[in-house]
Amino acid sequence: MVIENPAPIDITDYRPTGADDRIHNPLLKEIRDIMDRFGGSGSAKARTFVAMERQSLIGQYAFAIPTADTLDTVARRSPLVEIGAGSGYWAMCLAAAGADIIAYDIFPPGGDPFNISQRNWQFRTSYFDVRKGDDTAAAEHPDRTLFLCWPPPENPMGSRALDAYIRAGGHTVIVIGQMNRPVVMGDARLFEMLKELEVIERRFIHGWPGFAEEIVISQCR
């Protein structure tokens with residue numbers, strides 16, 4: 001098992017690399033612009049203002065912040081299938097990083113804005129070709145690595161996707177989110193299932209201020 005970054009880190013400590021410059025990533029650019037206006041990397045003031053903009057930026061882009069190092073970690077496990085892809089923002093960034101990825105969401109962006117039961121209330125903009133599909137779509141791709149980025153809290157989507165994937169013979173799952181607080185991500189069953197798997201890599205990533213976000217890669221068999 002590989003463990004790096006033993007203490008939580010956040011995006012205000014991140015130093016972009018040349019690899020970041022090669023990926024179209026407006027979320028990271030907006031965060032960097034905020035930081036530049038309020039003291040730069042490591043500034044307490046910058047951290048406060050980035051945290052204040054979190055909900056607005058999530059609604060526009062994604063729940064987690066893609067950085068080149070994290071994208072590379074995920075892309076190395078390609079081909080991928082993402083369940084609960086939302087706007088497709090991570091899928092877009094992963095494809096730009098060289099990953100072969102298929103993305104699903106039960107309500108892809110762009111649905112009927114007048115039909116509350118059929119629209120994606122969180123995301124209106126689509127950044128990738130997100131296919132319509134629920135958690136059972138994971139079972140259609142056991143040859144791909146399952147990718148779950150911030151599964152919705154108190155919702156069985158993540159655990160159902162992982163269960164369907166494992167039953168179909170899936171081999172590897174990658175989860176990004178806050179792993180020590182089940183109430184903010186996924187459901188209790190998802191965390192119970194993850195405990196039964198063999199962790200092959202786990203580390204903190206540069207996430208939102210005030211959160212301890214991690215990437216966990218586990219073998220399912």
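The values are calculated or read from the model by the stated rules, or taken from the named source; none is laboratory data. Nothing here was measured: the structure is a model prediction, and the numbers come from that model. Note that we place each Cβ from the backbone using ideal geometry, even for glycine, and neighbour counts take in every protein chain shown.
Quick notes on this structure:
- Taking the conditions (1) free of Cβ contacts under 8 Å to residues at least 60 places away in the same chain; (2) outside any helix (DSSP H, G or I); (3) surrounded by 13 or more Cβ atoms within 10 Å (Cβ to Cβ) in turn, Arg15 satisfies each one other than (3).
- Residue satisfying condition, being more than 23 Å from Ile217 (Cα to Cα) and surrounded by 20 or more Cβ atoms within 10 Å (Cβ to Cβ), within set Met35, Met92: Met35
- Conditions (1) at pLDDT 95 or above; (2) touching a strand residue (DSSP E or B) at 6+ places or on another chain (Cβ under 9 Å); (3) over 25 Å from Met157 (Cβ atoms); number of the one not met by Ile65: (3)
- For region 184-220, a residue qualifies if it is over 17 Å from the mean Cα position of the chain (by Cα) and not small (Gly, Ala, Ser), and the qualifying residues are Arg189, Glu192, Met193, Lys195, Glu196, Leu197, Glu198, Val199, Ile200, Gln219, Cys220.
- Residue that is within 25 Å of Arg54 (Cα to Cα), surrounded by fewer than 18 Cβ atoms within 10 Å (Cβ to Cβ) and not polar (S, T, N, Q), where the choices are Gly169, Gly210: Gly210
Conditions tested, residue by residue: (1) farther than 13 Å from Phe63 by Cβ; (2) over 16 Å from the mean Cα position of the chain (by Cα).
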| position | (1), (2) |
| --- | --- |
| Pro142 | yes, yes |
| Ala161 | yes, no |
| Val175 | no, no |
| Gln178 | no, no |
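- Picking from residues in region 38-72 that are closer than 17 Å to His206 by Cβ and among the basic types (Lys, Arg), the one that is surrounded by the most Cβ atoms within 10 Å (Cβ to Cβ) is Arg47.
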